[in-house]
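Quick notes on the structure that follows.
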Amino acid sequence: NRLWWRHPTRRLEAEAIRDNVLAIAGTLDPTMYGPGTLDSNSPRRSVYLTVKRSQMVPFLQMYDVPEALQSIGERSVTTVPTQSLAFMNSPLVRGAAQKLAVRVRSKSDAESIEQAYLIALARRPTDAEQQRMQSFIARQAESYGNAPQARDQALTDFCQVLLCLNEFIYVD
């Protein structure tokens, strides 16, 4: 404790971010060993994605996956606005948000919000976060015209917002 009383914030590696997104969606395949794959949509852990120089995975490249052309002793870490924008608009993240919304769907928004926070961030929401997110889901559902699927779409939007928080990809 004396030496680690303050630890600098660190972003997860590209592979860990992808694996975390798949785990939150409930689609991560934890099978160990076996052949790799070139399919970037594979549910297997990122360590089993075959590296082919002409077919790099864009999602991983965005977060500084190691260069395939040369060996480097230390991975570079860049933080640029396009990472957040690409993450927010990623089909992988939207798909994970839809699957998370299905996993946490319950009778009340408060229960759904608490479950989503527990699954995605491993903590309960604060009272202020709970109120803010309930308000967000209500506004989103209203913007979708309060149709029968409006609440489901609003819950998916909330889950996507949750996955796009810095807390999801940074270790504090």
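The values are calculated or read from the model by the stated rules, or taken from the named source; none is laboratory data. Predicted, not measured: the structure shown is a model, and the values here were computed from it. Note that we place each Cβ from the backbone using ideal geometry, even for glycine, and neighbour counts take in every protein chain shown. The accessibility values were calculated without ligands, DNA or RNA, using every heavy atom of the protein model including side chains. Shrake-Rupley method; radii C 1.70, N 1.55, O 1.52, S 1.80 Å.
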Seminar exercise, completed: From DSSP H assignment alone, runs of 4+ in the chain each adding -39500 (n - 2.57), the sum over residues rounded to the nearest 500 puts [θ] at 222 nm at -15500 deg cm²/dmol
For this session: Give me the net charge of residue 32's neighbourhood, meaning all other residues with Cβ under 12 Å from the Cβ of residue 32; Lys, Arg count +1, Asp, Glu -1.
Result: +1
Exercise. Counting only protein heavy atoms, what percent of the accessible surface of the chain is carbon or sulfur at a 1.4 Å probe?
Worked result: 53
Exercise. For 106, 71, what's the largest-to-smallest order of accessible area, 1.4 Å probe?
Worked result: 71, 106
Exercise. If one puts a single equal scatterer on every Cα of region 112-172 and applies the Debye formula without solvent, what log₁₀ I(q)/I(0) results at q = 0.15, 0.22, 0.30 Å⁻¹?
Worked result: -0.45, -0.86, -1.27
Seminar exercise, completed: Residues whose modelled amide H sits under 5 Å from the amide H of residue 11, counting only those 5 or more places away in sequence or on another chain, are 171
Exercise. Does region 92-147 come out rounded, prolate or oblate, given a ≥ b ≥ c as the square roots of the eigenvalues of its C-alpha gyration tensor, rounded meaning a/c under 1.5 and, failing that, prolate meaning a/b above b/c?
Worked result: oblate
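Evaluate the relative contact order of region 109-172 (contact order divided by residue number), counting alpha-carbon pairs under 8 angstrom at least 6 apart; express in whole percent.
Relative contact order comes out at 29 percent.
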Seminar exercise, completed: Rg/Rh of region 15-172 (Cα atoms, Kirkwood Rh), to two decimals, equals 1.02
For this session: Can you work out the accessible area per residue across the chain, with the rest of the protein chains kept in place, probe 1.4 Å, in square angstrom?
Result: 63
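Would you please put 107-120, 156-169 in order of how densely packed they are, using the mean number of other Cβ atoms within 10 angstrom per residue and starting with the highest?
Top of the packing list down: 156-169, 107-120.
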Problem set entry | Proximal charge balance of residue 167 [Cβ under 15 Å; K/R count +1, D/E count -1] | +3
